[in-house]
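Bear in mind these aren't lab numbers, they're just calculated from the coordinates by the rules spelled out. Predicted model, so just to flag it, every value in this text is computed and none were measured. All Cβ positions, even for glycine, are placed from backbone atoms using ideal geometry, and neighbour counts span all protein chains on display.
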Amino acid sequence: MNPLEIAQFIGIPVAVATGLSIVSWWFFSSKRRQPLGVLIAVGCSALVAFALQEGMPSVPPTQKWHWLILTVLIVFFLACLYSLFSKWDKRIILQALIAGIVAAVFMQFPGQSSVLDRIIIFLLVLFVSVGLRRLRIPAWHMYIVAWSVLASLSILALQASFAKLAFFSGAMSAVSAAMFVLQLCKPRETKSVQMLFGVIIVGCAMCGLAYDPSHAVPMFAWYLPLIGITIAAIAFLLCKPKFRSVISIGLLELCLLASVIWTIVQSTPQDDMWP
Amino acid sequence: MFILKIIVIPVLVGLSMFTTSQEVEPESKEGAFAIDSVHSTAIFSVHHLGAGMFYGRFNDVSGTIELAEGLPAFSVSIAIDSIDTNNTRLDGHLKSPDFFNALEFPEMLFVSSSAKKIGDEKYEVVGKITMHGVTKPLTVTMAKTGQVTNKRGEMLGFETTFTLMRSDFEMTYGIESGSLSDNIKVIVALEAGRK
């Protein structure tokens, strides 16, 4: 990773997400249409982050890890549809169930084709999406969670010698950070966005795990950030309103730190990668 | 008679041993040969950061060479998992989807379709190379490095040097940033024994 690559692979998706979000303030100004602006910003930036490295994805993809972006795009279109119909707003579990089924069917990474793997992916998307929804109160809370989780997954991907995935999750982490800042500047409705982030987060973790056959990153380290979201969401529900934001994010950060530090400590520091 | 025993007989025995261990020309130059993975090599080099040439190798080269009407036909497979740069983390990165994606595309394959003699023990071999899930035509100059019959049986060897563009095989990591060159120099040296 050099500054030019960071500017290109992370800076451009952030610029796209920020630009589209700001434009959507005018085009989707009504409360009903506001979530569509956020969804388009996140979905398009994910596509740009992927296309900058691998070009536009083809169907069927030439490599199995390209299913990550194709699944994100399918969930993106579903999330856009949900945001158009007000009766879907309260159906958080149903939305997460559908996202889980889509991910379980389409996210076909090497070595994860068994029924058990499909069930694990389904459950992870379900719990992470619902967990993120719980952490969406207030909305910037969810962006902080997505920002830190994707940043830690980016570090894990780098440790697993998968730089393209590291750039993708790093870009989506930076997009989450930009969304957080924009949310503070101008609060917007963010219905269904948790599904998109849920699939991106689970997709990055499962993709990294699939392409790390030598376990340069311990298997549990890939799951820990996802488990951390669920733990944080439960803590958010159980704690007193005054402390729940701090406690839930604190617990999540502990999980992320444990995952990253564990991985770095057990890695072989004398070895080097391409720059 | 004593002189005959101590001088002539040992000399004759020695000469006969020398004759049996010496390499002789093979009786037939046609037929199929199996590539010897231990004594065959595939080496590649790439320009790193616009400065030095970085070399790596593949330790597992297998396949067959067929000789028919004096012309060779090749089917060579290189196991991506056998990549060796003397650095385990670098090997892991080269096996990842950033480069070869060894999990999905575990071998590199060259299958020749025709060959013609272009000089003394030199052949222009036309075929197709498959790498990273992409198949492209490739023409290489193969030099025959030897064909002998010894105590291991009938053996032959070929060597070639050629250049590939990584971008032709959708392997673009590091090209735009200038970290790694697009073109890779490849040297393949094959040794094969009669099947």
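Each Lys and Arg adds +1 at its Cβ and each Asp and Glu adds -1 at its Cβ; summed about the Cα centre, chain B shows a dipole of about 460 debye. If the limit is 24 Å between Cα atoms, which of B:Lys95/B:Lys122; A:Lys186/A:Lys240; A:Lys64/A:Lys191; B:Lys144/B:Lys195; B:Lys95/B:Lys195; B:Lys151/B:Lys195 go over it? The answer is B:Lys95/B:Lys122; A:Lys186/A:Lys240; A:Lys64/A:Lys191; B:Lys95/B:Lys195. Dipole orientation for region A:36-174: of the candidates A:Ile92, A:Val59, A:Ala171, A:Ile92 has the Cα lying most toward the positive pole (charges on Cβ; Lys, Arg +1; Asp, Glu -1). Peptide packing for B:30-40, A:216-226 was compared via the average number of neighbouring C-beta atoms within 10 Å per residue; ordered from the highest value, the list is A:216-226, B:30-40. Only Cα pairs under 8 Å and 6+ residues apart enter the sum, and on that basis the relative contact order of region A:193-275 stands at 29 percent.
Based solely on its DSSP helices, what 222 nm [θ] is calculated for chain A when runs of n ≥ 4 H residues each add -39,500 (n - 2.57) and the sum is averaged over all residues, nearest 500 deg cm²/dmol?
Working: 11 runs with 199 residues, N = 275.
Only helices count here, giving -24500 deg cm²/dmol.
Ordering B:Thr85, B:Ile65, B:Gly119 by Cα displacement along the dipole of region B:46-142 toward the positive end leaves B:Gly119 in first place; charges were set at the Cβ atoms of Lys, Arg (+1) and Asp, Glu (-1).
Scoring A:159-167, B:134-142 by mean Cβ neighbours within 10 Å over their residues and listing the highest first yields A:159-167, B:134-142.
Other residues with beta-carbon under 13 Å from the beta-carbon of B:Gly63 carry, at +1 per Lys or Arg and -1 per Asp or Glu, a net charge of -4. Dipole orientation for region A:143-254: of the candidates A:Leu182, A:Ile249, A:Leu156, A:Leu182 has the Cα lying most toward the positive pole (charges on Cβ; Lys, Arg +1; Asp, Glu -1).
Neighbours of B:Thr41, meaning other residues whose beta-carbon lies under 12 angstrom from its beta-carbon, give a summed charge of -4 when Lys and Arg score +1 and Asp and Glu score -1. Taking a ≥ b ≥ c as the square roots of the eigenvalues of the Cα gyration tensor of region A:173-258, is the shape rounded (a/c under 1.5), prolate (a/b larger than b/c) or oblate? Oblate, since a/c reaches 1.5 and b/c is not below a/b.
Quick check: net charge around A:Phe27, other residues with Cβ under 15 Å of its Cβ, Lys/Arg +1 and Asp/Glu -1? If you can, show how the numbers build up before the last one.
Details: positive: A:Lys31, A:Arg32, A:Arg33, A:Lys186, A:Arg188; negative: A:Glu189.
Spelling it out: positives minus negatives among the neighbours equals +4.
For the pair B:Asp84 and B:Ile187, label points projected 7 Å from Cα toward Cβ lie 1.5 nm apart.
Residues of B:176-184, mean number of Cβ from any other protein chain within 10 Å of their own Cβ, rounded to a whole number? Present the calculation step by step, with values, prior to reporting the outcome.
Details: counts 5, 8, 3, 6, 2, 0, 0, 0, 0.
Other-chain Cβ atoms within 10 Å of each residue's Cβ, averaged: 3.
Per residue of peptide A:58-69, the mean number of Cβ atoms on other chains within 10 Å of the residue Cβ is 2.
Can you tell me how region A:1-130 classifies by the Cα gyration tensor, rounded, prolate or oblate, using a/c under 1.5 as the rounded cut? Intermediate results must be reported in sequence, preceding the final value.
Working: a/c = 2.32, a/b = 1.06, b/c = 2.19.
Taking the square roots of the gyration eigenvalues as a ≥ b ≥ c, region A:1-130 is oblate.
With q set to 0.07, 0.09, 0.10, 0.14 Å⁻¹, the log10 of I(q)/I(0) for the protein assembly as shown, from the Debye formula over equal scatterers at the Cα positions, is -0.48, -0.68, -0.79, -1.24. Cross-link partners of B:Lys136 among aspartates and glutamates, defined as those whose alpha carbon lies under 12 angstrom from its own and excluding same-chain residues fewer than eight positions apart: B:Asp168, B:Glu170.
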